[in-house]
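Structure, as structure tokens:
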Amino acid sequence: MGNLQETWVYLNANPLFHLTLTLVAFQAANWLFLKSGRNPLLNPVLGAVVLIVPVLMLTGTGYGTYFEGAQFVHFLLGPATVSLAIPLYRQWHRVRRSALAIGASLLTGSLTAILTAAGIAWALGGSPTLLASIAPKSVTAPVAMAIAEELGGLPSLTAALVIATGIIGAMFGPMVLNLIGVKDWRARTRHGHGQPRHRHRPRASGQ
């Protein structure tokens with residue numbers, strides 16, 4: 001029993017363990033997602049969180065310790081976000097044709113997301129720090145964290161809100177779009193957390 005405990009202490013102190021835990025958890029969650037026929041309620045990101053958090057709680061591992069090992073995945077988030085420009089460039093002719101519709105949608109969606117989130121938080125008595133943290137929640141994580149820091153918010157809280165927004169959107173977005181009759185995949189394509197569901201869509205969808 002003593003040897004097992006010593007082994008666990010060693011693994012828990014090794015950054016490679018937490019990186020491996022992250023990758024294995026996501027692969028397991030993604031396997032379940034694919035086996036379910038890409039059911040949006042079984043979002044791989046949410047599944048990975050559900051698998052990782054109990055392990056950290058049972059082992060008494062703090063977030064700082066976990067992040068030391070998993071920060072390589074965090075580092076790759078930046079290049080992955082930038083790489084989304086590649087399909088955008090490939091479909092640039094379509095983007096130019098729909099520039100007005102895209103611009104209007106981005107403006108309307110951005111203002112709605114910012115004003116509703118910050119407005120609800122303000123109405124409930126949220127502090128200026130909370131408002132600054134919640135306002136950029138619908139932007140991709142690296143950008144949202146930088147904006148929150150500039151506004152005087154908490155980047156760590158913003159990151160959690162971005163992830164929650166992405167997961168909820170990926171889980172319930174398709175249902176809402178089906179309900180209101182949106183069928184065009186160019187309109188249905190969503191942010192990063194929705195990407196696994198759209199990898200098999202036509203290139204015209206921008207994926």
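General remarks:
- Looking across 196, 202, one residue alone is out of contact with any Leu (no Cβ under 7 Å at 6 or more places or on another chain), outside the structural domain of residue 29 (by TED's automatic domain parsing), modelled with pLDDT under 90 and surrounded by fewer than 11 Cβ atoms within 10 Å (Cβ to Cβ). It is 202.
- Residue count for the stretch 28-85, restricted to those that are under 25 Å from residue 175 (Cβ atoms), small (Gly, Ala, Ser) and touching a residue at least 24 places away in the same chain (Cβ under 8 Å): 1
Let's see how each residue does on (1) assigned by TED's automatic domain parsing to the domain that holds residue 47; (2) closer than 28 Å to residue 29 by Cα; (3) in contact (Cβ under 8 Å) with a residue 40 or more places away in the chain; (4) more than 10 Å from the chain's Cα centre (by Cα):
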| residue | (1), (2), (3), (4) |
| --- | --- |
| 129 | no, no, no, yes |
| 139 | no, yes, no, no |
| 142 | no, yes, yes, yes |
| 148 | no, no, no, yes |
| 157 | no, yes, no, yes |
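- Residue satisfying condition, being more than 22 Å from residue 162 (Cα to Cα) and assigned to a helix (DSSP H, G or I), within set 80, 104, 118, 132: 104
- Residue check, residue 85 exposed (fewer than 11 other Cβ atoms within 10 Å of the Cβ), within 30 Å of residue 177 (Cα to Cα) and either touching a Cys at 6+ places or on another chain (Cβ under 6 Å) or at pLDDT 85 or above (or both): yes
Residues checked against (1) touching a Pro at 6+ places or on another chain (Cβ under 6 Å); (2) assigned to a helix (DSSP H, G or I); (3) surrounded by fewer than 17 Cβ atoms within 10 Å (Cβ to Cβ):
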| position | (1), (2), (3) |
| --- | --- |
| 146 | no, yes, yes |
| 149 | yes, yes, yes |
| 157 | no, yes, no |
| 163 | no, yes, no |
| 167 | no, yes, no |
| 171 | yes, yes, no |
| 174 | yes, yes, no |
| 177 | no, yes, yes |
| 181 | no, no, yes |
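The values are calculated or read from the model by the stated rules, or taken from the named source; none is laboratory data. These numbers come from a predicted model, not from an experiment. Here the Cβ is made from the backbone with ideal geometry for all residues, glycine too, and neighbour counts use every protein chain on show.
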